[in-house]
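The values are calculated or read from the model by the stated rules, or taken from the named source; none is laboratory data. Just so it is clear, the model here is predicted, and its values are computed rather than measured. Positions of Cβ are backbone-derived with ideal geometry, glycine not excepted, and every protein chain shown enters the neighbour counts. Heavy atoms of the whole protein, side chains included, go into the accessibility calculation; ligands, DNA and RNA do not. Shrake-Rupley method; radii C 1.70, N 1.55, O 1.52, S 1.80 Å.
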Amino acid sequence: MKKSLVVFFTFLFLLDCFSQGPIITPLRYNLALKNGYNKISGIKRALNDTLKLPFFEDFTNDGIYPDSKQWKDSNVYVNTHFAISPPSYGVATFDNLDKKGAPYNPLSGNTAGVCDLLTSKPINLKNYINVTTLTPYLPKDSIYFSFFYQPQGLGDILDGSDSLVLKFIDSFGFSRTVWKGIGSKTKPFKQVMIPIKNGIYLHRGFKFVFINYAKNTGNMNQWHIDYIRIKTARTYQDTTMADVAINAAPYGPLRWYETMPYDHFKTGYASNRSDSVGFTLKNNNATIGVNYGYSIDVLSAKNTLLYTASNNNLNIDILAENTKKFSNVKLDTFSAKNPLVKFKYSITPGANDGLTGVYSSTGNSNNSFIKPLQFSNVLAYDDGSAEGGFGLDYANLPPGPGYVAMKFESFKPDTLRGISVFFNRSVTDVSSKPFILMVWKSISLPPAVNMSNDVILKMDTIAFPTYLDTMNGFVNYVFDTAMVLPKGTFYIGWKQSAIYNLNVGYDNNYHYDKKVNYRNPNVFFSLNSYWENVAASITGTPMMRPILGAAIKSNVPNIGSVPSILNGLNAAIYPNPSNGALAFNIASPVSIEKVELYDAMGQLVYHKSDHAIVTVPTDALSSGFYTVILTGSNKQISIKKYIITK
């Protein structure tokens, strides 16, 4: 049986656990929740004041927890990336992870129980002030409770053992189930209407609580809640929402990467800048189309306005979603080494957008969204958020070499300092499994039938994966010796020699070149001694990043720099500096079969392939700094700095 790549990500369903192919490994921890909890653990929650009608929540508040002004607990995860097409961009996600991002029980997938709770602060349903008179609420006031929900989203398909329950707390303190949803595959968000007419709920301390029941699978069996409303003078048919909202996180201004070094961005400016930036808005009104305008403001780190653009007098149909784009703004004039740029997207509906103002007393608005772009010293396809894990499945074959390689583009000569990796904790413990981090100048791309033409730059043995409880969870493996990296394509990845799932983080929200449901062409694997493309279903990206530029410190506890087991070809070039012919010696009997020279701009200025090359002429080259890449007959490489003075 052919070995195959396995990618573990949240929307795939394991049909047969004994067959090869894609399987599911959940996130065991949510590091955003863990670090968010650490930040607020010493901060007193908002006072337990009783709320009054109307009640409204669309989860567009800043942060990853529910607004403490309205909620008693903080177990659910407020986010913008796990739901599919919600009414507004923020949702509350219920899963099997607690407020610290850890599983409620040991992960097994065999047992089910209570998981997340979302409990409101007390709401006064006993009375209200009518002008100056204290007036009791009565059944005829027609109070209705409504909300939207979605099973699964980008999580696992739910089954009959998964459920979401809504309970009301009556005047005797008892919780009574008023609604229950049974697990299923993902569906569009659906609105639920529940009347509050029974007198046992019309008391000053009324509360409601959502509870999900799920298997112990971590961050997989998900429910998503949005747009909770409680108000008088409603009916069962009062489902119309006069609200136009941004309902998806905007995509960024970089074409290939989510972040990258700013000098690389400027060097490859035409290629790196996306043709446009944009966002998605939704008209939640089921009966009326809406006239609206939209705008974008580009701000510096100090909120200085750098660019603004707008468009007005547009229309959006009932229950429609529109994606709006702006031609990409200029981003090549900043003086900072790695600047922070903020993109603020706003919509201004001309009418039929008053619902949030009627309900909301918190000042939240789903009509604007700020997306930051922080240039950095890594090349990153991923957005820093893991929706699952990525690894290799050997099916029924015995242990053997397995490889994963990711293709990157360096837009200028630079220094490769190491590799940053996000490891996803999984049910299967691989914390003692060794692997080898690898860097290639090139690999034998498909349809090659072997790996004989692979050009290896670096191989570093790592004793075991390291899991960090920091906000992004990336481990920086710093090489003992920095590598000179020429302009052009290179690959990073790993090699393993035993059967296990290394379970590198997997970002399912990545889209190659902004193309939805498009196979990621930058990821390759080998389990049969030749490289293969990943399957069409692999549209996301493993979370591995090359670290470029200035020296950094490793953040791996008690490990420090990675011990190198291969420093490449042991070659020397001399004289250096030189004003004449270039000659070099090899400290081993390996002969040189290829020589490449790159100038300071990364342009290839000399290339030769032959057997036993011993000299390279430099009389046609100008004075300056060059990078020399020597490839031996064993496919190992030596990279040297070279100076010509004339």
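The lysines within cross-link reach of K302, meaning a Cα-to-Cα straight distance under 16 Å and a gap of 8 or more places when in the same chain, are K337, K342, K344, K371.
In this structure the stretch 258-360 gives 47 Å² per residue of accessible area when probed at 1.4 Å with all protein chains present. Amide H contacts of I462: F435, I436, L437, each under 5 Å away and 5 or more positions distant or on a separate chain (H built 1.01 Å from N in the peptide plane; Pro and chain starts excluded). In this view, the solvent-accessible surface of Y89, computed with a 1.4 Å probe and all protein chains in place, comes to about 30 Å².
Calculate, for the stretch 460-551, the solvent-accessible area per residue in square angstrom, rolling a 1.4 angstrom probe over the heavy atoms of the protein chains. Don't skip to the end; give the middle numbers.
Values: 2960 Å² over 92 residues.
Here the residues of the stretch 460-551 average 32 Å² of exposed surface.
In terms of Cα atoms, the Rg and Dmax of the stretch 417-526 work out to 15.3, 42 Å.
Ignoring any ligand, DNA or RNA, what whole percent of the accessible area of the stretch 606-646 comes from carbon and sulfur when the probe is 1.4 angstrom? C and S fraction of accessible area: 56 percent. A 1.4 Å probe run over the stretch 97-160, with the rest of the protein chains in place, finds 44 Å² accessible per residue. Put a plus charge on the Cβ of each Lys and Arg, a minus charge on the Cβ of each Asp and Glu, and nothing anywhere else: the dipole of the stretch 118-200 about its Cα centre is then about 200 debye.
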